[in-house]
């Protein structure tokens, strides 16, 4: 501690402590940094003034904490935004999980020929941002071409484009979000924008996602895609049948991924990738139904999963005949 | 303890409690939102969960669901028109003479593996039917039973859902599920699928370290 201050000032220095140059510069730098940080933090509010961001959007709560009326208001607002931005009257719904359902998918590696129709159908169904109809970069499905007998996925090639498929001595393995039972992506999200729904699908609240991409780093299957740009989609290619958690048009700066087409599957239909497969390689169903096709495969076929050692316990199974 | 340490411990406890509370709030299992709104009715297994849910269109025109068997030549059956063998063979008697090679139906290229004998599948006297092991007829509409004669495991997989594509509703309580018979995908005379041109790949990253494979 410094010397005890005396009751009567001895010199001028005890009354008036001049500011040294060092302290002044330190203080000036600190306050400049603080003001810059404040300005950066408040920059999103500029969008509010410009009209790009409405107060409702700014103050929107997390999906899981909204009452049905609030969700209905949000859906209406999103439909209006879609109309304004793309000129398309979308119908955005909020389908809730069906009771006593756990979805799972299976894929027959003997039958997949690598035609990529599933990857392109995923784009048509889920309204990803794309430059043209053949721009596959945002598709949730990635088809890997591997040599016969090869198990190491690092040798795979997703850019194959031969004259015809299947090529000799190659096999084809589409990969998408496996809706893991122990998902690493939901554990690392700093804002809880992604979570596991009761029917097993991992959902994302696009309005809550801050775009940090931790989930993309955590996913062992590289299943998630990020919107680096404002969504670019041809209005004629927009699928109007949308859902809040799945295929509505995502804004810039959010993560998206396969949701097992929950806008279709929660109504009892098959996902789009399955419906277009020309060889019938894909299977989808309810694990809790003992008579479902997926349970037939788990009981009767040689089934394996990817990256079993990381204990994600995925719900996407690969099998082959017989 | 002195004042500073006391303040330190109290603030640490407060932060710890706050963390525990946040974790408890955020990690709680999903609860459907509770509301007293009159618009909500109970969710039942067969109904959608929400009165605001309008029924969706089942329009799948944006999806290409074409099957692998492309119609060509006289396969009008796939385009909707079907004809029976007797439509022609009422007028033209089928000829079968073992000593001469067959010149009729030369358009049929039989590439069915070891199945090289027409009468393995076709009934020798009733041209409209197929034949079973004991010589009995299999109706044309029951062609799946014909294929099952030799392809038993595949037939069982088809019945169980592991072979062939199903379209429509996985939940049969909500709608119809369609499955296709063997001949809707496989040409019975040349069942192997032809190789197809794959749809375009994703674009190779511009700044990748390695050249494209």
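Okay, here's what the table says:
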{"item": "Answer residue from the range B:184-211, given it is more than 7 Å from chain A (Cβ to nearest Cβ) and surrounded by 19 or more Cβ atoms within 10 Å (Cβ to Cβ) and is farthest from residue A:287 (Cα to Cα) among those", "result": "B:187"}
{"item": "Conditions (1) within 26 Å of residue A:244 (Cβ to Cβ); (2) in a loop (DSSP other than H, G, I, E, B): number failed by residue A:56", "result": "(2)"}
{"item": "Where a residue in the range A:58-82 is surrounded by fewer than 17 Cβ atoms within 10 Å (Cβ to Cβ) and its partner, wherever it lies, is modelled with pLDDT of 95 or more, with Cβ under 6 Å and at least six apart", "result": "A:62/A:208"}
{"item": "Filter result for residue A:98 (at the interface with chain B (Cβ under 8 Å from one of its Cβ atoms), surrounded by 14 or more Cβ atoms within 10 Å (Cβ to Cβ), in a loop (DSSP other than H, G, I, E, B) and in contact (Cβ under 8 Å) with a residue 60 or more places away in the chain)", "result": "yes"}
{"item": "Condition check for residue A:284: touching a strand residue (DSSP E or B) at 6+ places or on another chain (Cβ under 6 Å), under 21 Å from residue B:162 (Cα atoms) and part of a loop (DSSP other than H, G, I, E, B)", "result": "no"}
{"item": "Hits in the range B:192-202 (condition: assigned to a loop (DSSP other than H, G, I, E, B), closer than 24 Å to residue A:138 by Cα and in contact with a strand residue (DSSP E or B) (Cβ under 8 Å, 6 or more places away or on another chain))", "result": "B:197, B:198, B:202"}
{"item": "Subset of the range B:153-174 that is touching a residue at least 60 places away in the same chain (Cβ under 8 Å) and within 19 Å of residue B:61 (Cα to Cα) - its residue that is surrounded by the most Cβ atoms within 10 Å (Cβ to Cβ)", "result": "B:165"}
{"item": "Lone unmet requirement of (1) more than 11 Å from chain B (Cβ to nearest Cβ); (2) more than 18 Å from residue A:275 (Cβ to Cβ); (3) surrounded by 23 or more Cβ atoms within 10 Å (Cβ to Cβ) for residue A:128", "result": "(2)"}
{"item": "Qualifying residue in the range A:169-192 (condition: within 12 Å of chain B (Cβ to nearest Cβ) and at positive phi)", "result": "yes"}
{"item": "Count of residues meeting criterion [assigned to a loop (DSSP other than H, G, I, E, B), surrounded by 13 or more Cβ atoms within 10 Å (Cβ to Cβ) and more than 11 Å from chain B (Cβ to nearest Cβ)] in the range A:139-149", "result": "1"}
{"item": "Helices (runs of 4 or more DSSP H) wholly inside the range B:85-191 that include at least 1 residues being more than 21 Å from residue A:277 (Cβ to Cβ)", "result": "B:85-89, B:143-150, B:152-160"}
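The values are calculated or read from the model by the stated rules, or taken from the named source; none is laboratory data. Keep in mind the model is a prediction, meaning the values are calculated, not measured. All Cβ positions, glycine included, derive from the backbone under ideal geometry; neighbour counts span all protein chains shown.
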